[in-house]
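The values are calculated or read from the model by the stated rules, or taken from the named source; none is laboratory data. From a predicted model like this one, the values you see are computed outputs, not experimental measurements. Here the Cβ is made from the backbone with ideal geometry for all residues, glycine too, and neighbour counts use every protein chain on show.
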């Protein structure tokens, strides 16, 4: 499957079940995101509806009608952090290594700047150097490390905190 077969686009209501399945697939791998299972479908649906109707950004990668990846930038809900968004993303195992993550993050960052975010931050496990390299290629810089900040399957992991500022932004 070539990259032209992958559509990167804003999430839609009809994508809720497919997004839930993709999220659960990545979560069950237990090594990439901070959950081991997707939340129940109604909770995930509420999250997506909030992203569609609110000021958050959420894009998906679709291949042959299947959601194979996602990337979002979401507000925390606090007024003092309204200029900041937290990035989350994932690509299902069968579709990794094809540049989907690169396309997703580039499009999501561009959409976040259009949505008036000024800072995008994320956390990535130190045990995931490919993800950290992806983020660095897109301009994210390391701001700190939470030593032994996560426990995954009984193993403690360092968690890198990274951030990216809107180009030219001066507070």
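Taking segment 31-67 on its own, how many of its residues are in a strand (DSSP E or B) and either closer than 30 Å to residue 154 by Cβ or more than 17 Å from the chain's Cα centre (by Cα) (or both)? Quick ask: steps written out before the conclusion?
Residues of segment 31-67 in a strand (DSSP E or B): 57-63, 66-67.
Those still in the list that are either closer than 30 Å to residue 154 by Cβ or more than 17 Å from the chain's Cα centre (by Cα) (or both) too: 63, 66.
Total meeting the criteria: 2.
Could you please let me know if residue 133 is in a strand (DSSP E or B) and within 18 Å of residue 89 (Cβ to Cβ)?
Here the answer is no, as residue 133 does not meet what is asked.
For residues that are part of a helix (DSSP H, G or I) and modelled with pLDDT of 95 or more, tally how many sit in segment 68-93.
1
Can you tell me which residues in segment 97-125 are closer than 27 Å to residue 156 by Cβ and either at pLDDT below 95 or part of a strand (DSSP E or B) (or both)?
Within segment 97-125, 120, 121, 122, 123, 124, 125 qualify.
Take residue 109 and tell me if it is surrounded by 14 or more Cβ atoms within 10 Å (Cβ to Cβ), in contact (Cβ under 8 Å) with a residue 40 or more places away in the chain and within 23 Å of residue 17 (Cα to Cα). Steps first, answer last, please.
Details: surrounded by 14 or more Cβ atoms within 10 Å (Cβ to Cβ): yes; in contact (Cβ under 8 Å) with a residue 40 or more places away in the chain: yes; within 23 Å of residue 17 (Cα to Cα): no.
The answer is no for residue 109.
State whether one or more residues within segment 112-122 are surrounded by fewer than 20 Cβ atoms within 10 Å (Cβ to Cβ) and either under 23 Å from residue 35 (Cβ atoms) or touching a helix residue (DSSP H, G or I) at 6+ places or on another chain (Cβ under 6 Å) (or both).
There is at least one residue in segment 112-122 that is surrounded by fewer than 20 Cβ atoms within 10 Å (Cβ to Cβ) and either under 23 Å from residue 35 (Cβ atoms) or touching a helix residue (DSSP H, G or I) at 6+ places or on another chain (Cβ under 6 Å) (or both).
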